[in-house]
């Protein structure tokens, strides 16, 4: 595996990699729209990957049949700021796709219709379908609103008959795989082996088989990274709830971070991944590992 690809894979997600495929995207878009899209209907994947001028990145976005501009995000933790984030995404997408000179001409610039979808696979109980609105964040106080953006939240946690999972085989299989990893971890299987076991089971039962055969090493690294990142974010949130003097809080944060790093070193995780999760330099990670005879 080349070094550039190895560095990039930790920043990607399985969702993004799996659905960066026009056939799967057409099927999922068809499930969302209640129709079937054929290969004759043009699709252009326009996912934001960040540029020198803008660091905005999203999971998946594409233009379908020249009419739909679809944004898709995967989340395991609900985020109340998704409408605002999606506003940034769509503005950046239009900025990239439309020549600024056209804005000053009299002829109307025609736009594909944007839509925003979040696919949720976390532990919090959510309805099967819900909507977030940008206007919920406005300091409106009864004022007339002149701007709105709606995000459709799809609870696709596996384990019950959900309409969208019935309509989209690709989304069903992704949800099944994530659930299989969670079940294995809940059963006490070490995380990396839990991921490998879920991959073996899915391949044996024709669930994401070709994808997993092609990307098995990447999937293991990505899921392992995502689980660590999620735990780290939860730890930071819990630290923010603790009360006490600022000096005591700072000491607690450092001790908590050190304990987390030592745990990852014991699990033989790549040093680059540990540094990224902990937001420390590679030298600091190595120093901590040597102090505790883990390197």
When the scattering of the stretch 3-241 is computed by the Debye formula from its Cα atoms alone, each counted once and equally, what is log10 I(q)/I(0) at q = 0.09, 0.12, 0.18 Å⁻¹?
-0.43, -0.77, -1.62
Which residues in the stretch 104-140 have a backbone N closer than 13 Å to a point placed 7 Å from the Cα of residue 42 along the Cα-to-Cβ line?
112
How compact and how long is the stretch 169-210, expressed as Rg and Dmax of its alpha-carbon atoms in Å?
9.8, 29
What does the extension gain come out to for residue 167 and residue 204, with contour length at 0.36 nm per residue minus their alpha carbon separation?
11.1 nm
Let me know the whole percent of all Cα-Cα pairs from the stretch 115-218 that are separated by more than 19 Å.
56
Using 7 Å Cα-to-Cβ label points, what is the residue 281/residue 124 separation (nm, one decimal)?
3.7
Going from the fewest other Cβ atoms within 10 Å to the most, one would list 166, 178 as 166, 178
Rank by packing, highest mean first: peptides 126-134, 28-36, with packing defined as the count of other Cβ atoms within 10 Å averaged across residues.
28-36, 126-134
Set the Förster distance to 30 Å, then compute FRET efficiency between residue 102 and residue 33 from the Cβ-Cβ distance, nearest 0.05.
0.60
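No value in this document is a laboratory result; all are computed from the given coordinates. Predicted model, so just to flag it, every value in this text is computed and none were measured. Every residue, glycine as well, gets a Cβ built from its backbone with ideal geometry; the counts of neighbours run over all protein chains shown.
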